Amino acid sequence: MTHQPEPLYRETPATPYAFVDLDTVERNIRRMSDKLAQYGIKHRPHIKTHKSLRFAGMQLAAGAVGITVAKLSEAETFADLGIDDILIAFPVIGERNLERLERLHRRITVAVTVDSWEGASGVSAVGDRSGKPVPVLIELDGGLHRGGRQPGKDIVDFALRLRELPGIEIEGLMAYFGLIYRSGDPAAVAAAVRSESEMLGRVVADLRQAGFAVNTVSSGSTPTAKMCEHAAGVTEVRAGNYIFNDVSAVQMGLAEEADCALRVAATVVSLPLPGMATIDAGTKALTSDRAHHGDGFGIVVGKPDVAIAALNEEHGMLRFDPDKVSLSIGERIEIIPNHSCVIPNLNDAIYGVRNGVVTERIKVDAQGCNY
């Protein structure tokens with residue numbers, strides 16, 4: 001979607017604000033759903049990207065089997081909104097959080113991931129008290145070393161030890177191979193997905209040899225899901241970013257600018273020197289996250305020669321060749337953010353647009369639910 005005429009902005013708040021092209025969202029959802037169905041892989045989308053019932057409903061209507069959340073508060077919010085099949089892809093640690101998990105577990109289908117004896121023991125107590133076993137996925141470290149067990153003897157020994165615990169049902173394996181984002185083109189992404197699949201296959205074989213059924217093999221960032229033809233053995237993916245796409249997806253060759261549904265509208269507020277401009281969108285509107293394969297803090301739509309060189313909290317600093325580019329005070333621009341998953345959490349609502357016309361205000365139901 002290119003820069004829109006003024007009527008768009010009369011129906012929205014003052015800049016900066018976030019909006020999505022709903023036709024693009026629907027196309028992105030449909031493409032993912034169709035491809036995963038082609039390869040017989042279930043989809044449990046990660047809703048940390050949008051945190052909105054509006055978009056989760058669209059994903060479920062397209063065939064998703066449930067949702068994935070990062071935090072208990074997201075699970076609580078979406079359970080209250082009527083979604084009853086949720087995977088919490090984050091360790092549940094501490095008595096207070098276990099009490100929250102138990103309340104959820106008593107009223108919906110909720111699965112959790114475990115990678116420590118302490119975490120698994122707490123979940124076991126939840127299942128034991130409730131008389132209803134908690135489904136668990138053992139987390140495999142996919143290479144980022146932010147969590148998970150190591151392949152080989154470590155994860156098998158951990159799984160065998162979990163057999164001692166009442167109140168849980170070991171459903172299978174979960175992994176996140178975040179290093180895939182270092183892949184610079186589709187060929188590299190495909191190779192990374194094959195490597196991911198091979199590691200998962202070895203671990204699944206080891207677990208099955210030890211007597212585990214491994215009914216679920218949950219993997220898949222958006223890059224893996226988009227290249228799922230190479231994900232042999234994966235039964236379920238948890239793609240999130242695909243619904244909006246962003247600069248990283250474009251730089252990896254997994255999306256075009258036209259596939260980037262989420263944009264941030266901003267206004268030029270100052271021209272301090274030739275070749276420099278300041279906009280009213282800083283880290284509080286765009287995020288300070290860097291793209292994986294480029295500089296700057298986003299793509300200025302329709303202005304490839306303009307770079308977002310730096311951000312402060314409230315200011316974005318643009319740099320350009322004044323002989324090639326002309327900007328004016330009050331000019332509106334659209335920005336594709338480096339990382340779309342951060343943007344909804346910065347807003348209580350984002351705006352749905354069709355053909356340049358605002359059609360709805362979409363509540364970010366789980367805004368701030370990061371605990």
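For a quick check of your reading of the filter: which GluC sites (Glu not before Pro) in region 187-296 sit in a DSSP loop and have no more than 11 other Cβ atoms within 10 Å?
GLU256
Taking the inverse of the average 1/r across all pairs of different Cα atoms in region 193-279, what Kirkwood radius in Å do you get? Mind dumping the intermediate values first?
Details: mean 1/r = 0.0623 Å⁻¹.
The answer is 16.0 Å.
Extension gain ARG319-ASP305, at 0.36 nm per residue separation less the Cα-Cα distance, in nm? The partial results should precede the final answer.
On the way: separation 14, 0.36 × 14 = 5.04 nm, distance 0.86 nm.
Using 0.36 nm per residue and subtracting the Cα-Cα distance, I get 4.2 nm.
In degrees, nearest 10, range 0 to 90: what is the angle between the Cα axis of helix 186-209 and the longest Cα principal axis of the chain?
20 degrees
Sticking with the crude label model, points 7 Å out along Cα→Cβ, report the distance from ASP128 to ASP154 in nm, one decimal please.
The modelled label-to-label distance comes out at 2.7 nm.
Using the 2.2 N^0.38 Å rule of thumb for compact globular proteins, work out how region 139-227 stacks up: its C-alpha Rg over that value, please.
1.14
At a Förster distance of 30 Å, what's the computed FRET efficiency of SER121 paired with ALA205, Cβ-Cβ distance as r, to 0.05?
0.65
What whole-number value in Å² describes the accessible area per residue of the chain for a 1.4 Å probe?
Values: 15390 Å² over 371 residues.
Spelled out: the 1.4 Å probe surface of the chain, per residue, equals 41 Å².
Could you work out Rg/(2.2 N^0.38 Å) for region 275-371, with Rg from alpha carbons only?
1.17
For region 56-206, take the convex hull of the Cα atoms, compute a quarter of its surface area, and give me that in nm², please.
9.8 nm²
Between GLU164 and ARG106, 0.36 nm times their residue separation minus their Cα-Cα distance comes to what?
Net length gain for the segment: 18.6 nm.
Largest first and in whole Å, give the semi-axes of region 51-102's equivalent ellipsoid, each being the square root of 5 times a Cα gyration tensor eigenvalue. Mind showing how you got there, number by number?
Values: eigenvalues 99, 21, 14 Å².
Three semi-axes, in Å: 22, 10, 8.
Looking at the P(r) of region 98-157, how many percent of alpha-carbon pairs lie beyond 17 Å?
Tail fraction, whole percent: 41.
Among GLY240, VAL217, PRO322, which residue has its Cα positioned farthest towards the positive end of the charge dipole of region 191-348, with +1 placed on the Cβ of Lys and Arg, -1 on the Cβ of Asp and Glu, and the dipole taken about the Cα centre?
VAL217
Tell me the accessible surface of MET174 in square angstrom (1.4 angstrom probe, heavy atoms of protein chains only), to the nearest ten.
10 Å²
So which trypsin sites (Lys or Arg not before Pro) in region 297-371 are both in a DSSP loop and have at most 13 other Cβ atoms within 10 Å of their Cβ?
In loop regions of region 297-371 (DSSP not H, G, I, E or B), the sparsely surrounded trypsin sites (Lys or Arg not before Pro) are LYS324.
Got a sec? Charge dipole of region 250-371, +1 on Cβ for Lys and Arg, -1 for Asp and Glu; which of MET276, ALA265, ILE335 is way out at the positive end?
ALA265
How big is the antiparallel share of DSSP beta bridges in the chain, given as a percent to the nearest 5?
Percent antiparallel among DSSP bridges in the chain is about 45.
Can you give me the C-alpha center-to-center distance between region 296-340 and region 49-122, rounded to a whole angstrom?
37 Å
Hey, what D do you get for region 182-243 in µm²/s if you plug the Kirkwood alpha-carbon radius into Stokes-Einstein at 20 °C and 1.002 mPa s?
Reported coefficient: 177 µm²/s.
Based on the Cβ-Cβ distance from ALA188 to GLU229, what FRET efficiency comes out when R0 is 22 Å, to the nearest 0.05? Let's see the in-between values first.
Working: r = 15 Å, r/R0 = 0.70.
It comes out at approximately 0.90.
How many percent of the accessible area of region 282-371 is carbon or sulfur, using a 1.4 Å probe?
Of the solvent-accessible surface of region 282-371, carbon and sulfur hold 45 percent.
Taking the Cα atoms only, what angle lies between the long axis of helix 117-130 and the longest principal axis of the chain, rounded to 10 degrees?
Roughly 70 degrees between the two axes.
What's the angle, to the nearest 10 degrees (0 to 90), between helix 95-105's Cα axis and the longest principal axis of the chain?
90 degrees
Can you check how the C-alpha radius of gyration of the chain compares to 2.2 N^0.38 Å, as a plain ratio? Mind showing how you got there, number by number?
Working: Rg = 21.9 Å, N = 371, 2.2 N^0.38 = 20.8 Å.
My calculation over the Cα atoms of the chain gives 1.05.
Between GLU198 and LYS363, take the C-beta separation as r, use R0 = 30 Å, and let me know the FRET efficiency to the nearest 0.05.
Efficiency for this residue pair is about 0.10.
So what is the relative contact order of the chain, in percent, for Cα pairs below 8 Å that sit 6 or more residues apart?
Rounded, it is 21 percent for the chain.
The values are calculated or read from the model by the stated rules, or taken from the named source; none is laboratory data. As the structure is a prediction and not an experimental result, all values here were calculated from the model. Cβ coordinates were reconstructed from backbone atoms using ideal geometry, including for glycine residues, and neighbour counts include every protein chain displayed. Surface areas here come from the heavy atoms of the whole protein model, side chains and all, with no ligands, DNA or RNA. Shrake-Rupley method; radii C 1.70, N 1.55, O 1.52, S 1.80 Å.
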